[in-house]
Amino acid sequence: MIADALFLGLEYEQIVILTVGSLVGASCALVGSFLVVRQTAMLGDAISHSVLPGIVVMFLITGTLSSFYMVAGAAVFGVLTVFLVGLLNRTGLLHEDASIGVVFPALFSLGVILVTRYTAGVHLDESCVLYGEIEFVALDDWLVGSRSLGPRAVWITGAILLANLVLVCTFFKELKVTSFDPDLAASLGISPVLLHYLLMITVSVTAVGSFESVGAILVVAMFIVPPATAYLLTDRLNVLLLLAVVIGVASAWVGYFFSRAFDCSVAGSMAAAAGVFFMLAFLFSPQHGLLGRWLIRRVLARRFHEQLILLHVQSGTGRTSLDSLAARFNWRSGRVVAIVDRLVTAGLVEKGAGGVRLTVKGKTAIEESGTLPLVHVD
Amino acid sequence: MEFTSIFIKVLLGASLLGVVAGVMGCFALLRRQSLLGDAVSHAALPGVCIAFLITGGRDPLSILIGALLAGFAGSLFILLVVRGSRIKEDSAIGIVLSVFFGVGIVLLTYIKRLPVGNRSGLDTFLFGQAATLMWKDVLLFTVVALLVLTVIIVFYKEFKLLCFDRSFGDSLGLPMRRLEIVLTSLLVVVVVIGLQTVGVILMLAALVTPAAAARQWTDRFRVMLVLAGSFGAISSGLGVLASSSIERMPTGPAIVMVSSSVLIVSLLLAPGRGLVWNFVQSRRLQKRIRHENLLTDLYRLGERQKNWERTVSAPTLMGMRGQSGRQIWRTVGQLESRGLLTVDGDAMQLTTTGLDEASDVVRKHRLWELYLMRRLDLPADHVHRDAEAMEHALTDEAVAEFEELLGYPQHDPHGREIPKRRRLS
């Protein structure tokens, strides 16, 4: 039946993996955006690690690996992590980074010890924690009685995405104001603490839902990298969310096809693809990329040099020689020639024997930009 | 449990690592870069894999070098992203950590399908397996430990400046950026050699937890370094002991559990900073203030009636500070057992020592009032509240100095007599 369905020439298994990957990418990017703009990205890392003890403790209590208990256990431990970090931080004995650095390894160790000692033979090994098993999501169907409702992971990650969407749409304004101006939020009667914990619960639930597919460490990549990439591309929060989701989904697709081509870890490739997107934005973003910033700086420097020369020529009597300009600013004569040539091309100065002088156009240009901060005083 | 050569070897290796990781952790902690170690340990993975692919996995040293280079590249990349864009440090660390690790996993799964022989070295980098340490490794740890400690001792002053007052270092003309790179390189070296013992995820705890514990016990950097090294060594030692004597107890997590316990004890009990310590101190202070307040109340009542021998009833005292009868009686009981007052039914009376003690506190109170008025020109009706707090805090030496400064005054601003010093300290 469905197993034979073809879409864009993809097999059923591929469609399921791509769907799960996209759902994970989108839901992680949605909540991850707030982690990035709130500068609490590493709390996401901490939470994704405390998923393990949450699952183990829940397993030891209930004796099952059912999805509901896993999500509940992870949410409890995620909030516990955030609470402990906040508590340590508030005592003033440790800074926040150190608090994070001591809390989650301790909880993770506890989880590993519990796994090793008490859950022998249960399918809960460390490699699953690290890599995830998105390769096999199509094989695990959700059975109600004897009827199959399709792959379980699609239902779980879909439900999580829906929950995240509802949360972000309902509390968009509140999340925005608490992220950028907690004091204003408090004065408006919006509790930053309450929203902080709401967000952290969401991060925990998203982490555990994604963890089955992409693993604990790579879920960090999906939380942080697409939003950070989007953060380099826009200054508006709603655009940032949209871009982050698009980049998250794109990372899942690119990663999947890369891993198909080279027969390697799907989750790892997704993280690597997200990294490539980040590098592209880091280098080439028009406003915030290295290249963009370099270009803007170059344009500003050129404009400044031109104005400097114009004003200097204006203050001189008669023609100003290029040599005197070079000597005045201690520039190489080649540089002066290049700047003057640009001014000549723009028709602002004219060259003649003995140097340059302003054209009529150049004079009006200076008069019009009367607010120029540069006044030549000798 | 027997002290086999394997056990001693592992114990030695882990303890050496504990010392250097603890020491390096102090720098990370004070420079608020605790999580950098996490990024470096994750970033090392692709280096390990690439080195494995190049050499075919035959040479452990080349794998270490690969890890070093990748870890160093990761830390440089964080620096580049933070300096070169609007991305903040926390996101930059998260990006490097997860992307480098993702690339590492890709390479790892690729290697796992290759038909090459010895791949066992790779998994130990992920989770750490102290049991696989060899004498060769212990020797390497010793060399690295000596190297790291030597560099730290030689550049102790410079590194200290880097942690506490970087701009002062710049103003002295010290090459702070180069020192920063040296320090980061040392961190990378320590992280990479630690991976094999405690693994990628728990390396962070080996660095930060002992340093965080050491920080609680001292305000001196030198002492903190020594303590962090010791805590690191002790935690590693006990962790190895636990994992070798308890069945199915992984070494890395056992080490982290021990060091976390050390941290919890430090956070609670460390003198001067610990939570319990502070609680006890503030309780003690509150008790002293309660005692001194009741004594001065009795003094003032006696002063009003020009007779300290008369007994005072508890309800009279209740009116003075709005305390309940129970509160008063509790304090009275404590003062009685200290021999500062005698109780007879509902009435009480200061003893001679009690009167001495009370007049001493009142003396401090009134001298401070006078000092505030004469020296700071505060009006007479503004000084009482301040003196009410200072009377509990002033030392005898300070009071002696004021008295001289004020010319041995007889009366306070309100015209009441300043009691003479009676108690001999």
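Computed from the coordinates by the stated procedures, all read-outs in this text should not be read as laboratory data. These numbers come from a predicted model, not from an experiment. Neighbour counts run over all protein chains shown; Cβ positions are idealised from the backbone, glycine included.
For the stretch B:208-254, the set of residues classified as surrounded by fewer than 21 Cβ atoms within 10 Å (Cβ to Cβ), within 12 Å of chain A (Cβ to nearest Cβ) and either over 21 Å from A:P53 (Cα atoms) or acidic (D, E) (or both) consists of B:W217, B:E247, listed by residue number. Could you check the stretch A:351-370 and list, in sequence order, the residues that are under 17 Å from A:S315 (Cβ atoms) and not basic (K, R)? The answer is A:G354, A:G355, A:V356, A:L358, A:T359, A:G362, A:T364, A:A365, A:I366, A:E367, A:S369, A:G370. State whether the residues of the stretch A:35-43 include one that is surrounded by fewer than 19 Cβ atoms within 10 Å (Cβ to Cβ), touching a residue at least 12 places away in the same chain (Cβ under 8 Å), part of a helix (DSSP H, G or I) and in contact with a helix residue (DSSP H, G or I) (Cβ under 9 Å, 6 or more places away or on another chain). No, the stretch A:35-43 has no match at all.
Scanning the stretch A:20-34 for residues that are surrounded by 24 or more Cβ atoms within 10 Å (Cβ to Cβ) and among the hydroxyl-bearing types (S, T, Y) gives A:S27, A:S33.
Restricting attention to the stretch A:248-274, which residues are surrounded by fewer than 24 Cβ atoms within 10 Å (Cβ to Cβ) and not aromatic (F, W, Y)? Write out each step before concluding.
Going residue by residue through the stretch A:248-274, those that are surrounded by fewer than 24 Cβ atoms within 10 Å (Cβ to Cβ) are A:249-250, A:253-254, A:256-258, A:260-264.
Those that are surrounded by fewer than 24 Cβ atoms within 10 Å (Cβ to Cβ) and not aromatic (F, W, Y): A:V249, A:A250, A:V254, A:R260, A:A261, A:D263, A:C264.
The set of residues from the stretch A:179-201 being under 17 Å from A:V79 (Cα atoms) and crowded, with 22+ Cβ neighbours inside 10 Å comprises A:L199, A:M200.
Put simply, of B:Q327, B:Q349 the only residue that is in a helix (DSSP H, G or I) and surrounded by fewer than 18 Cβ atoms within 10 Å (Cβ to Cβ) is B:Q327.
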